[in-house]
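A quick write-up on the structure given underneath.
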Amino acid sequence: MKCPVCGDDCVSDAFDIINTMDTIFAPCPRCRGRHLDKKAPPPDYIPPDPCICGKRFIDDVYALIYGIGKEEGDLIGNEPLKEVGTPLIHPGFVLNEAPYLPARSLVLLTDLLSEKSAKRIVAEIPEVRGVVLDNHVIPGLVDCSSKEPPKTHTLLAGCDVRANIFATQVGPIVIYKQASTMHIEFPRPVNPKLISVDRQVYTKRPKTFVDACCGSGTLGITAARLGVPHVIFNDAWYAAAFWTAYNLKVNHTYLGIDDVDIRESYQSMAHTPLRSEPHLIATIRGNFSAEVYQGDYRLLFPYLPSDDLLTVIDLFDKASRDMVEQVITDWKAHNKGDVFIP
């Protein structure tokens with residue numbers, strides 16, 4: 001599948017991604033890796049080339065990254081290895097051991113490295129698919145009432161599109177996103193949000209599930225995987241709405257989808273990063289059907305069916321109980337059916 005960001009082959013069908021889980025980060029019998037102290041600078045050694053199987057231990061990859069940063073003057077040489085940045089592996093899922101990385105399986109999130117270093121890292125270290133400057137923000141829409149587009153990280157080099165694999169009660173789903181434009185999530189052994197969706201869908205048996213603040217579509221796609229025949233997705237942030245539509249395409253085999261009609265390109269949607277009035281982005285047809293909107297979830301009610309409706313509103317900030325209760329009250333004032341916040 002063509003990558004919406006770089007046009008390369010960064011995106012794979014969910015079936016293909018899931019079938020690699022058992023082996024993609026596992027060493028072959030010839031693999032050798034050096035475990036390094038992450039709280040100290042790397043020792044003076046030459047990291048090995050990738051194994052004949054094409055993989056290299058993550059600590060050796062980090063030592064190479066550190067060396068380029070030092071050569072370019074971004075690092076003095078006394079910084080701990082862990083300060084180089086956060087590793088975002090592709091695909092991301094729960095691992096029991098440190099990974100041996102194949103080619104183009106690491107996106108590095110860093111606040112120390114320059115664009116020059118980033119370009120060298122992507123060009124010289126085959127395991128790295130992209131380097132992202134950490135701007136110390138939370139990408140994506142945090143406050144639904146805000147009219148200002150969210151701040152994002154900065155892609156310095158390569159491509160930062162990557163996938164996470166989330167386990168649901170009926171099987172895994174694959175969720176792609178661009179790391180610089182979306183809130184970063186890490187799969188966990190137990191995901192309370194997915195458990196909440198499973199419990200609500202099993203109890204309510206809705207004909208339509210509404211993922212009102214859908215992000216990259218994880219909760220709504222989980223509902224579809226659980227057998228809900230119709231899902232409506234919505235998010236005001238362009239990247240969220242687009243990647244939701246794209247993730248439906250990625251998971252088409254598991255969802256019984258025949259056709260995904262995405263009406264706008266990622267680049268054209270970026271010209272209108274926030275929308276208020278819901279705007280139809282994509283329609284999905286098959287054994288399962290869906291629509292994806294970009295807009296304020298509070299204005300979504302004219303586009304919803306009047307019965308057999310279950311809505312999830314996954315607010316970023318759930319700290320205030322009064323605020324959460326007010327959101328549910330306001331939603332019920334305009335919409336029938338059940339609503340929950342995971």
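List of remarks:
- For peptides 76-87, 206-217, sequence by mean Cβ density within 10 Å, most packed first: 206-217, 76-87
- Annotation: amide H-H contacts under 5 Å for Asp111 (H modelled 1.01 Å from N, sequence separation of 5 or more, or interchain): Asp134.
- For semi-axes √(5λ) of the Cα gyration tensor in Å, calculated from these coordinates, the label among (1) 40, 33, 16; (2) 33, 22, 21; (3) 38, 21, 18: (3)
- For Gly92, residues with placed amide H under 5 Å, excluding near neighbours: Ala163, Asn164, Ile165
- Rounded to the nearest 10 degrees, the inclination of helix 58-71 to the longest alpha-carbon principal axis of the chain is 70 degrees.
- For the chain, the longest principal axis of the alpha carbon atoms and the long axis of helix 115-124 meet at an angle near 80°.
- Relative to the dominant Cα principal axis of the chain, helix 238-250 is inclined by about 90°.
- The mean sequence distance of close C-alpha pairs (under 8 Å, at least 6 residues apart), as a share of the length of the chain, puts its relative contact order at 13 percent.
- Shape class for the stretch 101-200, computed from the alpha carbon gyration tensor (a ≥ b ≥ c): oblate, with a/c not under 1.5 and a/b at or below b/c.
- Net charge in the neighbourhood of Thr218 (other residues with Cβ under 13 Å of its Cβ; Lys, Arg +1, Asp, Glu -1) is -1.
- Amide H within-cut-off set for Thr154, under 5 Å, with H built and near neighbours excluded: Leu133, Asn135
- Estimated dipole of the stretch 287-342 in Debye, rounded to 20 [Cβ of Lys and Arg +1, of Asp and Glu -1, Cα centre]: 60 debye
- Cα centroids of the stretch 84-141 and the stretch 281-342: 34 Å apart.
- Signed unit charges on C-beta, dipole axis of the stretch 203-283, positive-most listed residue Pro229, Ala212, Thr253: Pro229
- Taking all protein chains together and a 1.4 Å probe, the residues Lys119, Lys38 rank Lys119, Lys38 from largest to smallest accessible area.
- Surface composition of the chain: carbon and sulfur make up 50 percent of the accessible area, probe 1.4 Å.
- Within-13-Å neighbourhood charge of Pro50 [Cβ basis; K, R +1; D, E -1]: +1
- Per residue, the solvent-accessible area of the chain (1.4 Å probe, heavy atoms of protein chains only, all protein chains present) comes to 46 Å².
- Neighbour net charge for Ile165 - beta-carbon separation under 14 angstrom, K R +1, D E -1: 0
- Packing-based order for 57-66, 248-257, using average beta carbon neighbours within 10 Å, highest first: 57-66, 248-257
The values are calculated or read from the model by the stated rules, or taken from the named source; none is laboratory data. Just so it is clear, the structure is predicted and the values come from calculations on it, not from any experiment. So basically every Cβ, Gly included, is an ideal-geometry build from the backbone, and we count neighbours across all protein chains shown. Calculation scope for accessible area: heavy atoms of the full protein, side chains included, ligands and nucleic acids excluded. Shrake-Rupley method; radii C 1.70, N 1.55, O 1.52, S 1.80 Å.
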